[in-house]
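Written below as C-alpha cells is the structure these notes are about.
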There are 2 protein chains.
Amino acid sequence: MTAAADRYSDLVATLRENALFASCGNLLNWDEQTYMPHKGAAHRAEQLALLAGLSHERATDPRLGEVLAALEATGAGRADDESAQGSVVREARRAYDRAVKLPRRLVEEMSRTATLSQQAWIEARKKQDFPAFRPWLEKVVALKREEAAAVAPSGGVLYDALLDEYEPGASAAEIAEVFAGLRRELVPLVSAIRDSGRSPDASLLTRNYPVAAQRKFCVAAAEAIGFDFESGRLDEAAHPFCNGIGPGDCRMTTRYDAAHFPGAFFGTLHEAGHGIYEQGLDAAGFGTAPGTYCSLGIHESQSRLWENFVGRSQAFWTHFYPQAQVAFPEALTGVPLAGFHAAINDVRPSWIRVESDEVTYNLHIMLRFELEQALISGDLAPAELPGAWNGAFQRDFGMTPANDALGCLQDIHWSMGLLGYFPTYTLGNLCAAQLFESADRELGGLSEQFSRGEFRPLKAWLNETIHRRGRQYSPSRLIELVTSRPLSAEALLRHLRNRFAPLYGLAQS
Amino acid sequence: MTAAADRYSDLVATLRENALFASCGNLLNWDEQTYMPHKGAAHRAEQLALLAGLSHERATDPRLGEVLAALEATGAGRADDESAQGSVVREARRAYDRAVKLPRRLVEEMSRTATLSQQAWIEARKKQDFPAFRPWLEKVVALKREEAAAVAPSGGVLYDALLDEYEPGASAAEIAEVFAGLRRELVPLVSAIRDSGRSPDASLLTRNYPVAAQRKFCVAAAEAIGFDFESGRLDEAAHPFCNGIGPGDCRMTTRYDAAHFPGAFFGTLHEAGHGIYEQGLDAAGFGTAPGTYCSLGIHESQSRLWENFVGRSQAFWTHFYPQAQVAFPEALTGVPLAGFHAAINDVRPSWIRVESDEVTYNLHIMLRFELEQALISGDLAPAELPGAWNGAFQRDFGMTPANDALGCLQDIHWSMGLLGYFPTYTLGNLCAAQLFESADRELGGLSEQFSRGEFRPLKAWLNETIHRRGRQYSPSRLIELVTSRPLSAEALLRHLRNRFAPLYGLAQS
C-alpha cells in the first residue's frame, strides 16, 4: 500500500470507531425517551454528558487533524470531493473543523442540559406549565447561542451556524426566500379550501380505535412499505422519533390515542420512512460519508414521502382500507373509502404540527423557523416565547392556542437543543415532492402499484437513488442528480393542487 | 486541603467517572437481553467490545496506579482498610491490580464473544441444539482460562482467580468443604421428604394463570416488598436478571408462562431482592466501595431471602393469597391456602434450577460448581459437557434430562463468560438464612408482620445492616458483623428443617 492508502485506511478506521462510540449514546438517548424510569434522569444526564465529552475528544483528536491534512495534501477531498473516497475526506474535514471550535465543557453542558431539560419539558407539557420549563429553555438558548458564536465565521449569521449542522450548506436567507414563495401560494390555497364550502367528516377519525388494534395495524403498514422489524423496533414515546443505532438496529416510536386514528398511524408511516432510510444506508460505510444520511432535509423527505405522498393517497387506501375496516369495525363499518380518504386529507387550521394536514403543515414550520431565528439572534427572550407564539399563530392560523401544550410546548426539539432544525422539515417536503415525481415517471404508475399493495419498487428506487449514496453528495447536488432539476417549491405546489383540488372541488390552474 | 486529601478526592473522582462510564455498557447489556432487534447483535457486540476496552484502559491508567501508591504510602487502605475511606483505597487497589494483569485485547475479545455467544445460546436453547452452541462455549472457556492464567498468582488454582472476581477472598477448596457438609445433610433430607409419602398437589400451579394478570400481580408484590418502580423497571427476557444501571435506575426482568405460576412470580421476588439491594446502595458512594454491592454471595442472599424466606412462607401468603385468588380465579377458586402453600413448597427433583425447590436447589448449584471447575482446569472439554452434565444429574437427581434445554443449556451464565459465578448462589442461601435469623430476632415476629402485609421493617433493617455498608467490609466480615457469627450452613439447615418437617410430617431433630 502507498502511504496515502495507509492514511486513508487509518482515517476510515478512526471515523468508524468514533461513530461506533457515538452510537452507544444513541441507545441511551432512545432509552431515555422510551423505558428509563423517572428517577434515572440525573444519572442518565451524567452518562450522556460524559459520552458527549469523550465523543468530542475523539472528534477533535489532533492525530485526526494530521491525517486529514496529510490526505488533503495529496488532493483527496478537494479535487475529487464527490468520489466515494473524496467524500469521506470532505465530510471528515467539515466535522473536524466544526468540532475543534467547540470547547469540551460546552459540549458536555449542552448534553447534560438536554437530558434534564427534556424531562422537564415532558412534565411541563403534561401540566401545560410553561413557567416550569422556562428556566430550561433559557439555559438551552444561552448554550446554543454560545455554540453558534463559537462556530460561526466572523461576521456570519449565528442561526446559520446551527442550521449548517443539520443541512450542510444551507442558509437562513435562502430558506426564507424559498419559504416566502411557498407561503405566497399556500395562503390562497388554504383560503380556497376554506371557501370551497366542502368539509369532510373528520369526526370519524376520532371514534373508538382500540390501541391494541392500532398497534397491530401500524406495524403491518410499516412492514408493508418495507421497514424490517428484524433490524428495528416500534415503541411508544412522548414525542415520536426514529433513532438509527447502527447497522441492523433502528428504533422508532409513536404514541397512541384510542380516540384519534391519524396520530399514531401517520406518525408510524413517517418514522418508518426515516427508518427505511437508515436501514437502507450502506453498512460497510458506517461512520463515513457514504454510509451516513445526507442531511436532515433529505431524511425528512423520506419520512414525508411515505407519510403523505404514499400514505394519504387514494391508491394506498384502496389496498389498506378493507384491512382497516376489519381492524376497526366500530369506527369504520359503513364508512365508504371516499369518506375516509377525504377525512385523512381534511385541511383546516389545527394546533399540533405533527397531526396537521399537508397544506397547513408548512405554515407551522415557518412559524417555528421565524421564532427560533429570533431566539438565537436575541431578538426574542425565551420568557416571551408563549406570547410571541400565540401572536404569530393568531396571525397565520386565525386562532390562539388555549394553552401552551397546544402551543409552544408541543414539540420536544427546543428542549433538546435542536434549534436550526425545524426548516429541514419543509425542505423535506419540497424534496419529497420532487423525488416522488421522478420516481413516478421512472417507475411508471406508482398509484397502480400501491393499490395492489406493491410498495417495494418505490422502496428499491429510493434505496438506489438516495439511501445507498449516503452523504457522498451535498443535499442540493443529490436532488439535482436524482431529479435532474435544482430544488424548488414547484413540485410540492403541483402535488398539493393535484391532491386537494379534486377533494375540495377547486378549479385546477 | 492536605496533599493526601487532594489525592483522595482525585481518586474518588476517577473511580466515579470510571463507574459512570461502565454503567453505559450496563444499559447496552440490558437492552441486548430485552429489546434489541435480532439483527442488531453484531453491532452491539462491537459497541460492547469497544466500551469494555475503553473501560479497561481507564481501569489500568498509570495515573490511577500512581495516586493509589501515593495514598497507600500515607497508610490509607492498609492500617484502616475497613474505614469508609480506607475501603475505597483497598478496593481500588484490588481492582487495579487485577485489571493490569489483563491485556486489553483479551478484555475486548471476551466482551465481543459474550454478546454473540449469548445470542447463539438463546437460539440453541430454543432449538435444544447443543452442537450449535458448542463452538461458542469452546471459545468462552478458552478465553476464561486465558483470563484466569493471567490473573492467578504463580502456582494458584485457575478457578480461584475467576471466583475472586465475584466473591472476594473466597476459594474453591473452602467452598467445596462447606458444600460437602451441606450435601451430607441435604441428601438425607431429600430422601426423608421423598419417603414421607406426602406429595402436595403441585399441578394447581400449572393451571391457567393469564399472563396479563401475572404481570400485574408480580409488580404489586415487588412493590409491596419495597422495590421502587420510579427508580426501576420489570421487563421480560429469556433469562431473568437484575441490572443496576446507576442511582435511580435499576432494571429487572422475568419470563411469563401462562401455564406455570411460580416461574415468573418467584423469579420476580428474587430479582426484586437484588433490585432492593441496588436501590439501597448509597448513591453518594457510587463508583467507590461504600456505594458498591459487597459480593455476589451477599447480592444473592438478598434475592434468596425475599424469594424464599419471605416469599414461600405461610405468613407471606396469609396476606397475599386472597389477592391471588382474585387475580387467578380460574386456577385458585376453591383451593385452600394450605394446599397452595404446600404446592409452592413442593420438594422434588426437577430439571430447571431457577424453578427448583429450596432443598434441591443447592444440589443444582453443586453440580454446576463441579462442572465449571472441570471446564476451567481443562479436565472437561466443552464438547463433553452434555454427557458430563447428564451423568452428574443422574447421580444427584436420579434422572437424566430428555434434552439439553432441560440440561446444560438451561442457564445463560456460561454463554456470557460467567464461570466461577455459580457457587455464589449457594453462598447466598447460607448468608440469607443467617441474616434472616438475626433480623427475626432483632425485629421480633417477622411472621406476624408479613401476615399483615408489613415488609418495610425487614427492608429497613437490610438497608441499614447490608445495603448502606456496600463493600466497606469483605463478605465474610460483613456477615460476622451483622449476625455475630462466622458464615456456616447451620442456619440454612435449621430453616429447611423448620419449614419442611411440618409440611412433610418429618420428625424434628
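Read-outs: derived from the displayed coordinates by stated rules, not from any lab. What you are looking at is a predicted structure, and each value in this text was computed from that prediction instead of being measured. As a convention, Cβ positions derive from the backbone with ideal geometry for all residues, glycine included, and neighbour counts pool all protein chains shown.
Can you sort B:Phe229, B:Phe500 so the residue with the fewest Cβ neighbours within 10 Å comes first?
Values: B:Phe229 15, B:Phe500 22.
Listed from fewest to most nearby Cβ atoms, that is B:Phe229, B:Phe500.
Show me the ranking of peptides B:372-382, B:126-136, B:441-451 by mean Cβ neighbours inside 10 Å, starting with the highest. Numbers along the way, then the final one.
Numbers: B:372-382: 18.5, B:126-136: 16.2, B:441-451: 14.5.
Listed from highest to lowest mean packing, they are B:372-382, B:126-136, B:441-451.
For the cross-link pairs B:Lys39/B:Lys126; A:Lys39/B:Lys459; A:Lys39/B:Lys39; A:Lys459/B:Lys126; A:Lys39/A:Lys126, which exceed 23 Å when the distance is taken from alpha carbon to alpha carbon? Don't jump to the answer; show the numbers that get you there.
Working: B:Lys39/B:Lys126 17 Å; A:Lys39/B:Lys459 20 Å; A:Lys39/B:Lys39 31 Å; A:Lys459/B:Lys126 34 Å; A:Lys39/A:Lys126 17 Å.
Correct reply: A:Lys39/B:Lys39; A:Lys459/B:Lys126.
Normalised by the residues of chain A, what does the relative contact order come to in percent, with Cα pairs under 8 Å and at least six apart?
Values: 740 pairs, mean separation 99.9, N = 509.
Relative contact order of chain A: 20 percent.
So what is log10(I(q)/I(0)) for the range A:172-504 at q = 0.08, 0.14, 0.15 1/Å, when the Debye sum runs over its Cα atoms only?
Listed by q, the Debye log ratios stand at -0.36, -1.21, -1.41.
Measure nothing fancy, just the Cα-based angle from helix B:261-280's long axis to the longest principal axis of chain B, in degrees from 0 to 90, nearest 10.
30
Mind checking the mean number of beta-carbon atoms from other chains within 10 Å of the Cβ atoms in B:226-236?
Details: counts 0, 0, 2, 3, 4, 5, 3, 4, 0, 1, 0.
Going residue by residue through B:226-236 and averaging, the value is 2.
Ranked from highest to lowest mean number of other Cβ atoms within 10 Å per residue, what is the order of the peptides A:211-224, A:286-299? Walk me through the numbers before you get to the answer.
Numbers: A:211-224: 17.0, A:286-299: 23.4.
Ranked by mean Cβ neighbours within 10 Å, highest first: A:286-299, A:211-224.
What nm distances, shortest first, do you get from the label point of A:Pro329 to those in the other copies when the point sits 7 angstrom along Cα to Cβ?
A:Pro329 label point versus its equivalents elsewhere: 2.4 nm.
With both bridge residues required to lie in the range A:195-297, what share of the DSSP beta bridges run antiparallel, to the nearest 5%? List each step's numbers first, then the result.
Numbers: 4 of 9 bridges.
Of all bridge pairs located within the range A:195-297, approximately 45 percent are antiparallel.
Tell me the angle of helix A:423-443 to the major Cα principal axis of chain A, expressed in degrees between 0 and 90 and rounded to the nearest ten.
Approximately 70 degrees, to the nearest ten.
Distance from the Cα centre of the range B:439-509 to that of the range B:114-169, in angstrom?
Taking the Cα centre of each part, the range B:439-509 and the range B:114-169 sit 33 Å apart.
Counting only DSSP beta bridges with both residues in the protein assembly as shown, what percent are antiparallel, rounded to the nearest 5?
On the way: 8 of 18 bridges.
Of all bridge pairs located within the protein assembly as shown, approximately 45 percent are antiparallel.
What are the nm distances, shortest first, from A:Glu454 to its equivalents in the other copies, labels at 7 Å along Cα→Cβ?
So the label point of A:Glu454 gives 7.4 nm to the other copies.
How many Cβ atoms of partner chains, on average, are near each residue of A:13-26 if near means within 10 Å of its Cβ? If you can, show how the numbers build up before the last one.
Values: counts 0, 0, 0, 1, 2, 0, 0, 6, 4, 0, 6, 10, 1, 1.
Neighbouring Cβ atoms belonging to other protein chains average 2 per residue here.
Based on DSSP H runs of at least 4 residues, each adding -39500 (n - 2.57), what is the mean residue ellipticity at 222 nm of the protein assembly as shown after dividing by all its residues, to the nearest 500 deg cm²/dmol? It would help to have the intermediate numbers written out before the result.
On the way: 42 runs with 638 residues, N = 1018.
Result for the protein assembly as shown, helices only: -20500 deg cm²/dmol.
Report, for A:Met399, each distance to the same residue's label point in the other copies, shortest first and in nm; define the point 7 Å along Cα→Cβ.
Those separations, rounded to one decimal, come out as 6.8 nm.
Determine the percent antiparallel among the DSSP beta bridges restricted to chain B, to the nearest 5.
Working: 4 of 9 bridges.
So the antiparallel bridges amount to about 45 percent of the total.
Average partner chain C-beta neighbours within 10 Å, per residue of A:248-256? Provide the component values of the computation, followed by the final result.
Numbers: counts 9, 11, 3, 5, 0, 0, 0, 0, 0.
What the average comes to for A:248-256 is 3.
What is the P(r) of the range A:115-223, as percent of Cα-Cα pairs per 5 Å bin from 0?
Going from the shortest bin to the longest, the percentages are 2, 9, 9, 8, 9, 12, 18, 17, 10, 4, 1, 0.
May I ask for the equivalent-ellipsoid semi-axes of the protein assembly as shown, computed as the square root of five times each C-alpha gyration tensor eigenvalue and listed largest first in whole Å? Display every interim value, and only then the final one.
Working: eigenvalues 600, 245, 147 Å².
Output for the protein assembly as shown: semi-axes of 55, 35, 27 Å.
For helix A:84-99, report the angle its Cα long axis makes with the longest principal axis of the Cα atoms of chain A; keep it between 0 and 90° and round to the nearest 10°.
80
Determine, for B:Leu106, A:Leu478, the number of other Cβ atoms within 10 Å of each Cβ, and report the residues in order from fewest to most.
On the way: B:Leu106 16, A:Leu478 24.
Result, fewest neighbours first: B:Leu106, A:Leu478.
Quick one: which of B:196-203, B:177-184 comes out on top by average Cβ neighbours within 10 Å, and what's the full order, highest first? Present the calculation step by step, with values, prior to reporting the outcome.
Working: B:196-203: 13.5, B:177-184: 15.4.
Those peptides, ordered most packed to least, come out B:177-184, B:196-203.
Calculate the spin-label point distance for B:His260 paired with B:Arg494, positioning each point 7 Å from the Cα along the beta-carbon direction, and give it in nanometres.
It is 3.4 nm.
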